[in-house]
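Below is one structure; the comments refer to it alone.
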Amino acid sequence: MVIIREYKDSDLQSLNKLLLQVYSHTREGITTKENIELVATIDNNVVGYLILNKIYNTVENNYYGHINYVCVLEQYRNQGIATKLFKEVFKICKEKDIVYLELTSNQSRVAAHYLYQKLGFNIRKTDVFRIPIA
Ligand SMILES: CC(C)(COP(=O)(O)OP(=O)(O)OC[C@H]1O[C@@H](n2cnc3c(N)ncnc32)[C@H](O)[C@@H]1OP(=O)(O)O)[C@@H](O)C(=O)NCCC(=O)NCCS
């Protein structure tokens, strides 16, 4: 059975297998209040993951959410696991007064784009700029 819950330290090893498979990276950081990390587990093994950041918009005086590192282990895809993770995100957003969500995604991620639009995300045509500082 798939369980959706918040990440806990004992998930690290299992989560890193997933992050290595999908992003060739492991989780290096600490757990913070600002980062809501959700895992999907089967028999206590992490098979899905995402991070939701709650961000305060001073101009509009509201909160929005930014989502990162959405992923599901290859052998568990197309079984609705990412959909379950997002349903939980939507629930958390209501509880935490988050009024909209944003994420970025490369055009090559066909399944992800299909899923995001199915969930109700609209594409905003804009470019993402990044500069390394340190
Ligand atoms: C994107 C990802 C998280 C989806 O996880 P998932 O658990 O398989 O998602 P779900 O099962 O909830 O939904 C996937 C949907 O995409 C559809 N899909 C799968 N492959 C597809 C493809 N090549 N083209 C179009 N739709 C596709 C599935 O049929 C399903 O839709 P349905 O429920 O209407 O049948 C997973 O594919 C993944 O980890 N990909 C690699 C990492 C990635 O791209 N992350 C997103 C970064 S922005």
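The values are calculated or read from the model by the stated rules, or taken from the named source; none is laboratory data. These figures come from a predicted structure and were not determined experimentally. Note: ideal-geometry Cβ built from the backbone for every residue, glycine included; neighbour counts use all protein chains shown. What goes into the accessible areas is simple: the full protein's heavy atoms, side chains included, and nothing from ligands, DNA or RNA. Shrake-Rupley method; radii C 1.70, N 1.55, O 1.52, S 1.80 Å.
For the reader, a short list of remarks on this structure follows.
- The residue list GLN117, GLN107, GLN75 contains one member that is open to solvent by 40 Å² or more (accessible area, probe 1.4 Å) and either hydroxyl-bearing (Ser, Thr, Tyr) or in a loop (DSSP other than H, G, I, E, B) (or both), which is GLN107.
- PHE129, sole failed condition from (1) free of Cβ contacts under 8 Å to residues at least 12 places away in the same chain; (2) surrounded by 14 or more Cβ atoms within 10 Å (Cβ to Cβ); (3) assigned to a loop (DSSP other than H, G, I, E, B): (2)
- For the range 78-104, taking the residues that are open to solvent by 90 Å² or more (accessible area, probe 1.4 Å) and within 19 Å of GLU34 (Cα to Cα), the one that is nearest to the chain's Cα centre (by Cα) is identified as LYS91.
- LYS33 passes every criterion in (1) modelled with pLDDT under 95; (2) surrounded by 15 or more Cβ atoms within 10 Å (Cβ to Cβ) apart from (2).
- Filter result (within 19 Å of TYR63 (Cβ to Cβ) and of a type in the set (Val, Ile, Thr)) within the range 80-103: VAL89, ILE92, ILE98, VAL99
- Test: residue in the range 58-68 that is over 21 Å from THR83 (Cβ atoms) and open to solvent by less than 80 Å² (accessible area, probe 1.4 Å): yes
- Filter pass, GLU74 being among the charged types (D, E, K, R) and closer than 18 Å to TYR49 by Cβ: yes
- Summed over the range 42-65, residues that are acidic (Asp, Glu) and farther than 17 Å from LEU18 by Cα total 1.
- Pair list, Cβ < 8 Å and 6+ apart or interchain, from the range 3-29 residues that are more than 18 Å from GLU74 (Cα to Cα) to residues that are in a helix (DSSP H, G or I): TYR7/LEU15; ARG27/LEU12; ARG27/LEU15; ARG27/ASN16; ARG27/LEU19
- Any hit, the range 75-96, residues being of a type in the set (Phe, Trp, Tyr) and more than 20 Å from TYR116 (Cα to Cα): no
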